[in-house]
Amino acid sequence: MRRLRSFALLFLIVLGCATTPPVQYPTPAYTLSLRAIERQQRGGARQQFQPASANTFEDDYIKIVWKPQITELDFTLTNKTGVSQRVLWDDASFVAVDGKTDRIMHQGVKFADRSGSMPPTLIVHGATLDDLIAPVSNVYWREGFGTYDRGGWQSRPLVSRTPASAAGVPGATGPTGAIKALLPVETSGTVREYLFDFAIVETVAAPASPTSAAEPIKIVRHREEVERCQLLGEIAAYPPYIWPGDDFRQLRSKAAPLGADTVLVPGYRIGTVQGFAYRCKSK
């Protein structure tokens, strides 16, 4: 009888720990916005430009539309000239928030080969290139958690620290720094280096009230389901998990303060579970 009572007491303690909702603190969400462009022909003077529109730059030679993501800077580059152009990847670079310069990798380069030489990409006149820039120092190998999760290559966020200027201030917004990307483009033997300056704007959301049962935060598994949604931030759930579904409960509790209504979980649900918080419905 004593053993039964002890087991019942232990069960109630575990149940209480599992069902008590975690304390929700303000969580920072970031957006990247192109704010300035510098163009320099090698051997020539620097010229300053402003974006033509949101995250878009255009001159007589190229048009580029940026689509910043958490771990990379996606872009679409159009060759506006009447001749072929080349993107010189080995001369491109990334400048982090702390001002440190890093080598970059682009689409199609294996993570394991990120330190090797990257041949230029040719863009025929009038054609476009869909590609990305990611700093190589952010790439790391994640250890697995057993037979069903052998680990794999992953990339850290472009912005990973919380600025002291806005930390802990519910609803505060403002510029918190910048990152830069240098993209050299060669046209008929002339190399023009484009330096793109992205402002980092942080929004600290106040703790939100628990999501109602009628509108729970949706969990999706495929990136196509959030293509038209606004990315709010990267979140993660950590073991130990007491009950099945505790990983999703953790992710929902961390997504709620961001104002998210959807969480993308693209990988394994073993060990640390990575998620991305999105807002898909307009307020």
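The values are calculated or read from the model by the stated rules, or taken from the named source; none is laboratory data. Just so it is clear, the structure is predicted and the values come from calculations on it, not from any experiment. Cβ coordinates were reconstructed from backbone atoms using ideal geometry, including for glycine residues, and neighbour counts include every protein chain displayed.
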Revision key, fill the gap. The residue that is surrounded by the fewest Cβ atoms within 10 Å (Cβ to Cβ), considering only those in the range 53-69 that are closer than 17 Å to Glu227 by Cβ and among the polar types (S, T, N, Q), is Gln69
Check your understanding: Can you find a residue in the range 40-51 that is farther than 18 Å from Pro120 by Cβ and of a type in the set (A, V, I, L, M, F, W, C)?
Key -> yes
Exercise for review: Could you please give the count of residues in the range 161-200 that are more than 20 Å from Glu72 (Cα to Cα) and modelled with pLDDT of 50 or more?
Suggested key: 7
